[in-house]
Amino acid sequence: MSDLMVDPASIGQQAQVPSVRPQESRTGMVRVGVIGYGYWGPNIVRNLQGQQNAQAVMVCDQNPAALARARKAHPSIETVSNPLDILRSPDIDAVAVITPVWTHYELAKMALENGKHVFIEKPFTSSSAQAEELIELAARKRLTVMVDHTFLFTGAVRKIRELTESGALGDLYYYDSLRVNLGLFQHDVSVIWDLAPHDLSIMDHIIRAEPEAIVATGEKHLNGVEDVAFMTIYFPRNVIAHINVNWLSPVKIRTTLIGGQKKMVVWNDLVADEKVRVYDRGVEITSGEGIRDLLVSYRSGDMWAPQLEQLEALHVEMGYFAECIMNNKVPFNDGHAGLRVVRMLEAADKSIRRKGELIRL
Ligand SMILES: NC(=O)c1ccc[n+]([C@@H]2O[C@H](COP(=O)([O-])OP(=O)(O)OC[C@H]3O[C@@H](n4cnc5c(N)ncnc54)[C@H](O)[C@@H]3O)[C@@H](O)[C@H]2O)c1
């Protein structure tokens with residue numbers, strides 16, 4: 001296990017699944033069939049090939065050009081155009097579903113019904129009802145479901161989580177994220193379902209509290225789905241989050257501020273060095289007798305940029321997937337984590353339809 005692997009003890013969400021599993025890899029390797037070799041699929045296959053405990057053995061795509069690319073990059077991997085070849089293969093332990101969101105539920109359901117563990121793209125499903133059904137099916141079949149919340153495996157998010165868990169930031173005040181760029185337009189989902197899952201899964205991982213309510217606004221300009229949107233999420237103890245996602249931005253920005261009572265973080269994911277900066281800055285207010293006696297003091301201490309782990313997030317995540325399967329561990333980014341994100345996305349859609357009405361979760 002690499003030292004970037006997530007330490008289960010630090011996650012606090014582990015639960016053991018029964019030890020009898022329907023599929024056992026005969027080779028000490030988790031053999032994965034990957035469905036979908038478009039934009040993101042090649043990254044999954046490449047990162048599976050670098051593992052000691054997992055390998056991609058088959059790639060499926062209904063597009064012949066995609067399969068030709070797969071064969072060129074990985075001549076040893078079998079390519080097929082029908083997902084059933086993967087879903088029914090006795091030589092495959094797990095299926096990676098790297099196709100558009102509207103296909104996730106059907107493909108994952110068939111994989112589970114055929115006794116395969118599932119690695120599935122974000123967002124988990126198109127609805128919470130679908131997610132609940134897959135979670136129930138996986139539990140009944142004693143199979144692992146992992147949702148690709150890739151950012152949770154980056155050095156930056158792992159460091160931020162370490163800072164929040166250790167109490168270094170103090171009580172959290174807010175999470176504020178700007179995730180904007182020009183495109184890539186998706187045909188089946190809005191900008192919220194495309195980009196916000198990153199922030200929602202990161203928030204879920206570091207705030208570690210159930211959100212209470214959501215307000216969202218957004219507009220459609222080009223192809224019938226929201227391409228610009230703003231979400232506000234309310235958590236217990238006055239923690240508030242704001243996410244700005246936009247496919248119509250002239251420039252790409254990936255900047256997140258996380259404010260705590262003791263320290264504040266600025267995470268700029270686009271810079272090579274000092275992606276995460278921790279500021280010893282804050283405000284303290286002490287009150288005297290009356291309102292005029294309020295004393296505001298500003299603290300402006302040092303800034304430091306912690307060292308971040310450099311391994312590719314997907315490499316770490318694919319290794320963790322295989323490790324969870326082999327050791328009967330429930331991943332922290334399991335179906336329940338995927339469902340929590342889908343519930344927030346659904347609430348955001350509802351709020352947008354009602355022009356920013358507060359939706360309780
Ligand atoms: N984790 C991340 O950071 C990240 C980044 C990009 C995309 N994604 C997710 O990955 C998924 C795929 O996105 P993409 O951008 O690669 O899409 P894409 O359209 O570029 O690729 C999807 C591929 O799946 C194939 N396909 C679709 N239905 C199929 C089926 N039933 N059987 C076989 N092949 C099928 C298509 O031919 C296509 O080649 C989406 O869920 C998206 O949200 C995640």
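List of remarks:
- Reach of Lys72 by Cα under 17 Å, taken over aspartates and glutamates that are not fewer than 8 positions away in the same chain: Asp61
- Heavy-atom accessible surface of the chain: percent carbon and sulfur, 1.4 Å: 51 percent
- In plain terms, the chain from Asp171 to Asp85 could stretch by 25.9 nm, reckoned as 0.36 nm per residue minus the Cα-Cα distance.
- Most mobile of Gly259, Gly288, Gly28 in a GNM of the chain (Cα contacts under 10 Å): Gly288
- Glu136 accessible area, assembled protein chains, probe 1.4 Å, Å²: 90 Å²
- Sequence-distant residues sharing a close amide H with Tyr174 (under 5 Å, placed H): Ile240, Gly259
- Estimated at 0.36 nm per residue, the fully extended path between Glu210 and Ser76 surpasses their Cα-Cα distance by 43.7 nm.
- Derived scalar couplings between HN and Hα for segment 265-277 equal 10, 10, 10, 10, 6, 8, 8, 6, 10, 6, 4, 10, 10 Hz in order, rounded to whole Hz, by the Karplus curve 6.51 cos²θ - 1.76 cosθ + 1.60 (θ = phi - 60°), x for Gly and Pro.
- Over the chain, DSSP H runs of length four or greater, each weighted -39,500 (n - 2.57), average out per residue to a 222 nm ellipticity of -10000 deg cm²/dmol.
- Of Lys252, Lys355, Lys141, the order by accessible heavy-atom surface (1.4 Å probe, DNA, RNA and ligands excluded), from most exposed downward, is Lys355, Lys252, Lys141.
- Distant-in-sequence amide H partners of Arg281 (H built 1.01 Å from N, under 5 Å): Met264, Gly301
- Label positions at Tyr39 and Tyr298, each projected 7 Å from the Cα along the C-beta direction, are separated by 4.1 nm.
- Cross-link partners of Lys262 among lysines, defined as those whose alpha carbon lies under 26 angstrom from its own and excluding same-chain residues fewer than eight positions apart: Lys159, Lys275.
- With all protein chains modelled, accessible area of Phe124 [1.4 Å, Å²]: 0 Å²
- Using the 1.4 Å probe convention, the accessible area of the chain works out to 47 Å² per residue with neighbouring protein chains retained.
- Pairwise FRET efficiency - Glu106 versus Ser287, Cβ, R0 = 45 Å, nearest 0.05: 0.15
- Amide H contacts for Asn114 (H built 1.01 Å from N in the peptide plane; partners 5 or more residues away or on another chain; cut-off under 5 Å): none found.
- Added length on full extension, which subtracts the Cα-Cα distance from 0.36 nm per residue, Ser127 to Leu361: 82.8 nm
- 20 Å Cα-Cα reach of Lys116 towards lysines, excluding residues that sit fewer than 8 places from it in its own chain: Lys141, Lys329
The values are calculated or read from the model by the stated rules, or taken from the named source; none is laboratory data. Just so it is clear, the model here is predicted, and its values are computed rather than measured. We place every Cβ from the backbone using ideal geometry, glycine too, and count neighbours over all the protein chains shown. Surface accessibility is based on the protein's heavy atoms, side chains included, excluding ligands, DNA and RNA. Shrake-Rupley method; radii C 1.70, N 1.55, O 1.52, S 1.80 Å.
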